[in-house]
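Asks: Below you will find the structure I want to go over with you.
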Amino acid sequence: MLGVFLSEIFIEFSTILILLLTVPLASLMTYKFLKKRGKSQLYWSIGLWLFGAGVLLEVLFSFNIYNSFLIKAYLAAVAFLVSFLALGSTVLLKNKRIFNYYGIFFIFSGAFVIYSLIVSSIGNVLTNYVVFGVLPLLIVISSSVMTFPAAAMLIAVAVISYRKTSSKKMLSIIAGVLIVSIAGSLYIAHFPAFLYYSEFIGILLLWFGFI
């Protein structure tokens, strides 16, 4: 049974399906931003497009299309999408000081991630058509520095926003954002198919919240 979930056909189908769900949602968020000019829609839109870019790269990987530039682009998309989603969620707090502090952290941690990707050498880390290998320590550290505080911010905003609004749609959005945010890190798990389960569930929750 495990072999089915790690098969090339399953992974190709899963990544294509997730991509087909992600692109319309990212387009919808972009449309909402252009219509309302809300900062949260802008940052969430960028985060979703980065998520879509990451899934597109997963599609390429599933067809065994791989090189150093593509894997570095994938790791950058995974790291930055979490921070953009967190930045969008921070807007909901309506606290300019917190937003500015997190924005400064975002800039410096993002620069650290980019630096680590430029100076590090990554070989072939594909196993069963997914990213499943050991990454250079500097990349692991820089990605962790950027994504862990972003995940903590997302959780904090989720609790505060739900206590204020008790909105099921808002809860669905925050839950979807959290799941999508952690999905990219699941390539290190011993069951890589969880990556696609989490991405699929996260996108469905976002659809429910935004529609």
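The values are calculated or read from the model by the stated rules, or taken from the named source; none is laboratory data. Note that the structure is predicted; figures quoted are calculated from it, not measured. Cβ sites come from the backbone with ideal geometry, for glycine too, and all protein chains shown count toward neighbours.
Asks: Here is a list of conditions, (1) farther than 23 Å from residue 49 by Cβ; (2) at pLDDT below 90; (3) surrounded by fewer than 13 Cβ atoms within 10 Å (Cβ to Cβ), and residue 67 meets all of them except one; can you say which number that is?
Replies: (1)
Asks: Looking at (1) in a helix (DSSP H, G or I); (2) aliphatic (A, V, I, L, M); (3) closer than 21 Å to residue 29 by Cα, can you tell me which one residue 93 breaks?
Replies: Just one mismatch for residue 93, condition (1).
Asks: Can you name every residue in the range 183-211 that is modelled with pLDDT of 70 or more and under 15 Å from residue 81 (Cβ atoms)?
Replies: 198, 199, 202, 203, 206
Asks: Let me ask something else about it. If you check 144, 172, 161, which single one turns out to be modelled with pLDDT of 75 or more, in a helix (DSSP H, G or I) and touching a Phe, Trp or Tyr at 6+ places or on another chain (Cβ under 9 Å)? Let's see the steps before the verdict.
Replies: Working: 144 fails: touching a Phe, Trp or Tyr at 6+ places or on another chain (Cβ under 9 Å); 161 fails: touching a Phe, Trp or Tyr at 6+ places or on another chain (Cβ under 9 Å).
Result: 172 is the single residue among 144, 172, 161 that is modelled with pLDDT of 75 or more, in a helix (DSSP H, G or I) and touching a Phe, Trp or Tyr at 6+ places or on another chain (Cβ under 9 Å).
Asks: Quick check, is residue 35 farther than 19 Å from residue 205 by Cα, of a type in the set (Lys, Arg), touching a helix residue (DSSP H, G or I) at 6+ places or on another chain (Cβ under 7 Å) and in a helix (DSSP H, G or I)?
Replies: no
Asks: As an exercise: evaluate residue 134 against (1) of a type outside the set (Gly, Ala, Ser); (2) at pLDDT below 75; (3) more than 16 Å from residue 44 (Cα to Cα); (4) outside any loop (DSSP other than H, G, I, E, B) and give the number of the one condition it does not meet.
Replies: Tallying (1) of a type outside the set (Gly, Ala, Ser); (2) at pLDDT below 75; (3) more than 16 Å from residue 44 (Cα to Cα); (4) outside any loop (DSSP other than H, G, I, E, B), residue 134 fails exactly one: (4).
Asks: Let me ask something else. Kindly evaluate residue 4 against the criterion of being crowded, with 18+ Cβ neighbours inside 10 Å and at pLDDT below 90.
Replies: no
Asks: Quick check on the range 85-131: of everything there that is out of contact with any strand residue (DSSP E or B) (no Cβ under 6 Å at 6 or more places or on another chain) and either within 22 Å of residue 15 (Cα to Cα) or among the acidic types (Asp, Glu) (or both), which residue is modelled with the highest pLDDT?
Replies: Among residues in the range 85-131 that are out of contact with any strand residue (DSSP E or B) (no Cβ under 6 Å at 6 or more places or on another chain) and either within 22 Å of residue 15 (Cα to Cα) or among the acidic types (Asp, Glu) (or both), the one modelled with the highest pLDDT is 85.
Asks: Related question: Consider residue 22 carefully, then state whether it is modelled with pLDDT under 85 and under 29 Å from residue 126 (Cα atoms).
Replies: no
Asks: Starting from the range 121-139, take each residue that is crowded, with 16+ Cβ neighbours inside 10 Å and list its partners that are at pLDDT below 75 and in a strand (DSSP E or B), counting only C-beta distances under 9 angstrom and pairs at least six apart or across chains.
Replies: Final answer for the pair search is 125/131; 132/126.
Asks: Which one is surrounded by the fewest Cβ atoms within 10 Å (Cβ to Cβ), of the residues in the range 51-64 that are closer than 30 Å to residue 159 by Cα and aliphatic (A, V, I, L, M)?
Replies: 53
Asks: Next question, about the same structure. Pull up the range 70-106, narrow it to residues that are among the small types (Gly, Ala, Ser) and out of contact with any Lys or Arg (no Cβ under 8 Å at 6 or more places or on another chain), then point me to the one that is surrounded by the fewest Cβ atoms within 10 Å (Cβ to Cβ).
Replies: Taking the range 70-106 as the starting set, the residues that turn out to be among the small types (Gly, Ala, Ser) are 73, 76-77, 79, 83, 86, 88-89, 103.
Restricting the remaining residues to those that are out of contact with any Lys or Arg (no Cβ under 8 Å at 6 or more places or on another chain) gives 73, 76-77, 79, 83, 86, 89, 103.
Details: 73: 16, 76: 20, 77: 22, 79: 29, 83: 28, 86: 28, 89: 28, 103: 11.
Within the range 70-106, the match that is surrounded by the fewest Cβ atoms within 10 Å (Cβ to Cβ) is 103.
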